[in-house]
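As structure tokens, the structure follows; a few thoughts come after it.
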Amino acid sequence: MASVRDILRSISKGRIVSIIQRELEANGDRFGLLMLKHVLESGGTALIFLYEPLNNFLRNLSSVGIDVERYLGDKLWIFDVFATMNRIERNRKGIYTLSGYMDDMIFVHKLKDFLEGYMKNFKPEELWVFTYLSSGTCKLFNDPEVTYKVIWFVALEILGENFPRVVILYYPGECKILEDAIYYVSDVVIETLTINGKKVGIVSKGEKEGEIFELFREE
């Protein structure tokens, strides 16, 4: 597991990989966005669960060379959790929000309805789901830990054998309370940090546990 491509090839349908940023300077979120870039460029379809402001996210996509206008509404879809919880309307193709009054459990119920209808549009073997960043949960929900666990329970219940490939991007410095849950649901965990001035990933869960690799050597 030494490159973005190697990691993507190792993720089969139904598997969950988490990128945990131990240090912001290591740019683990950027590494995750490079994974997204490779998915799109290889013809895959990606659904983003967005917990951060949309404009910031779109700028970050552009910074890794993703042509947003080319993919959005075709191969790239965004479920805007941030806008939903802040009651911001999005009138743009490829971006979804939930409407009406919202609290933690109302969000979960409406998300369930959304997933039951929306996910039928995709072939599980072609779909990748990314979360950006899951740590944003702590800014949006009154009880982020319980809500996050219920979201996963609902997703697993609805999708079952059709569960897609998932990449979780997470910074524990902003939402430490989710770390145990993220470790539990993940098949593979890669922690990003700097060692001797190099930005590296360390596999802390999975078949290649203990492996260390340089993050951006082929960017």
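The values are calculated or read from the model by the stated rules, or taken from the named source; none is laboratory data. Just so you know, these numbers come straight off a predicted model, no measurement behind them. Positions of Cβ are backbone-derived with ideal geometry, glycine not excepted, and every protein chain shown enters the neighbour counts.
Among the residues making up region 104-151, those that are small (Gly, Ala, Ser) and either in contact with a strand residue (DSSP E or B) (Cβ under 9 Å, 6 or more places away or on another chain) or in contact (Cβ under 8 Å) with a residue 40 or more places away in the chain (or both) are Ser134, Ser135, Gly136. Within the option set Ser99, Ser62, being free of Cβ contacts under 8 Å to residues at least 60 places away in the same chain, within 30 Å of Ile195 (Cα to Cα) and more than 16 Å from the chain's Cα centre (by Cα) holds for one residue only, Ser62.
Tell me the residue from Arg30, Arg87, Arg59 that is surrounded by fewer than 19 Cβ atoms within 10 Å (Cβ to Cβ), under 25 Å from Ile190 (Cα atoms) and not polar (S, T, N, Q), please. Steps first, answer last, please.
Working: Arg30 fails: surrounded by fewer than 19 Cβ atoms within 10 Å (Cβ to Cβ); Arg87 fails: under 25 Å from Ile190 (Cα atoms).
Every option except Arg59 fails the conditions.
Would you confirm, using the coordinates I've provided, whether Asn91 is outside any helix (DSSP H, G or I), more than 20 Å from Leu36 (Cβ to Cβ) and modelled with pLDDT under 95? Step through it out loud before you land on a result.
On the way: outside any helix (DSSP H, G or I): yes; more than 20 Å from Leu36 (Cβ to Cβ): yes; modelled with pLDDT under 95: yes.
Yes: the conditions hold for Asn91.
The residue of region 55-88 that is farthest from Phe114 (Cα to Cα), among those that are part of a loop (DSSP other than H, G, I, E, B) and hydrophobic (A, V, I, L, M, F, W, C), is Val64.
Checking the structure you have, find out if any residue of region 202-214 is under 17 Å from Trp128 (Cβ atoms), touching a helix residue (DSSP H, G or I) at 6+ places or on another chain (Cβ under 7 Å) and not aliphatic (A, V, I, L, M).
Of region 202-214, the ones under 17 Å from Trp128 (Cβ atoms) are none.
No.
If the condition is being of a type in the set (D, E, K, R) and either over 14 Å from the mean Cα position of the chain (by Cα) or part of a helix (DSSP H, G or I) (or both), then region 1-54 contributes Arg5, Asp6, Arg9, Lys13, Arg22, Glu23, Glu25, Asp29, Arg30, Lys37, Glu41.
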